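The values are calculated or read from the model by the stated rules, or taken from the named source; none is laboratory data. Because the structure is a prediction, the values reported are computed rather than measured. Reconstructed Cβ throughout: ideal geometry from the backbone, glycine too, with neighbour counts over all protein chains shown. Heavy atoms of the whole protein, side chains included, go into the accessibility calculation; ligands, DNA and RNA do not. Shrake-Rupley method; radii C 1.70, N 1.55, O 1.52, S 1.80 Å.
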Amino acid sequence: MTDTAVPVLALEHLSKTFPGVQALDDVSFDVRRGEIHCLVGENGAGKSTLIKILSGVYPADSFDGRIAIDGEPRRWKTAADAAARGIAAIYQELSLLPELTVAENVYLGRQPTLPGLPAIDWDRLDAQAAELLAGLDMAVSPTARVADLSVSERQQVEIAKAISRHARILILDEPTSALPDSEVTRLYETLAALRRQGVAIVYITHRLDEVFALADRVSVLRDGRLIATRPIGEMTRRDLVALMVGHDVEEHPDHASLAAGETALS
């Protein structure tokens, strides 16, 4: 892992209110270079609202606290502003054009042109994409049509597109929800390559096994508030569930060993 002493992104004391709903309440959150920071919580905890503020989709209610990139206070009002600061979000619904190639999707709107001509330099386009994919340990052909790729390969293309735009903070929203188990390992390998390059990753998931397999730190949201941020090495599964639900969770009894009692319903 790279140096993680100074957060690449820090949000302090942010709130967000919708009509009748306090979605976020005085939340502070940061992510460091080269770390995978898992964000967990039950449905309605505020995870989606937080990542949409991070990525510029929603404005916070106020900036009485601060948003900082590399320790420098910043403001953004749109997703384009956030992207210009190196923040990219990849949602469950991927935004790729299936009839175009991998290279065309990665550099859409930014294709290299032939010298002095308003025409795409296809050889240079494919070479740029091949170099980018190789640097991310992605075994995807730049000339493959996206429609012919598996879900995990399309996900890799979406990640490569973000990195091609110099994203330093990558937000992944439930990235394994549509992946078969056989393709999850491929995503883990991609995340490992991103960490080695110093990319900061915010990873939202409901799957606790993924948290303990991937996270350097984990943050828990509940009812719009940040309950805790801890290194994963200091957590147990039971600790994490208790923080998510607000009380200790007893182990389930072994029902198979219990004797039948009186009839409860007939």
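Per residue, the chain exposes 52 Å² of solvent-accessible protein surface, assessed with a 1.4 angstrom probe and all protein chains in place.
Each of Ala130, Leu97, Pro118 was scored by the projection of its Cα onto the charge dipole of the range 95-136, and the greatest displacement toward the positive side belongs to Pro118; charges sit on the C-beta of Lys, Arg, Asp and Glu.
The lysines whose alpha-carbon is closer than 25 Å to the alpha-carbon of Lys161, local same-chain residues fewer than 8 away aside, are Lys47, Lys52, Lys77.
With coordinates expressed along the principal axes, the C-alpha atoms belonging to the range 43-97 extend over 36, 28, 17 Å, beginning with the largest. The convex hull defined by the C-alpha atoms of the chain has an orientation-averaged projected area of 20.0 nm². Once divided by 2.2 N^0.38 Å, the Cα radius of gyration of the range 155-219 becomes 1.06. Here the peptides 80-90, 33-43 are ranked by packing, the mean other Cβ count within 10 Å, and the order with the highest first is 33-43, 80-90.
Of the peptides 234-241, 200-207, the order by per-residue mean of other Cβ atoms within 10 Å, starting with the highest, comes out as 200-207, 234-241. Dipole magnitude for the range 62-217: about 660 debye, using +1 per Lys or Arg Cβ and -1 per Asp or Glu Cβ, origin at the Cα centre.
Eigenvalues of the alpha-carbon gyration tensor of the range 88-219, scaled by 5 and square-rooted, set the equivalent ellipsoid semi-axes at 28, 15, 12 angstrom, largest first.
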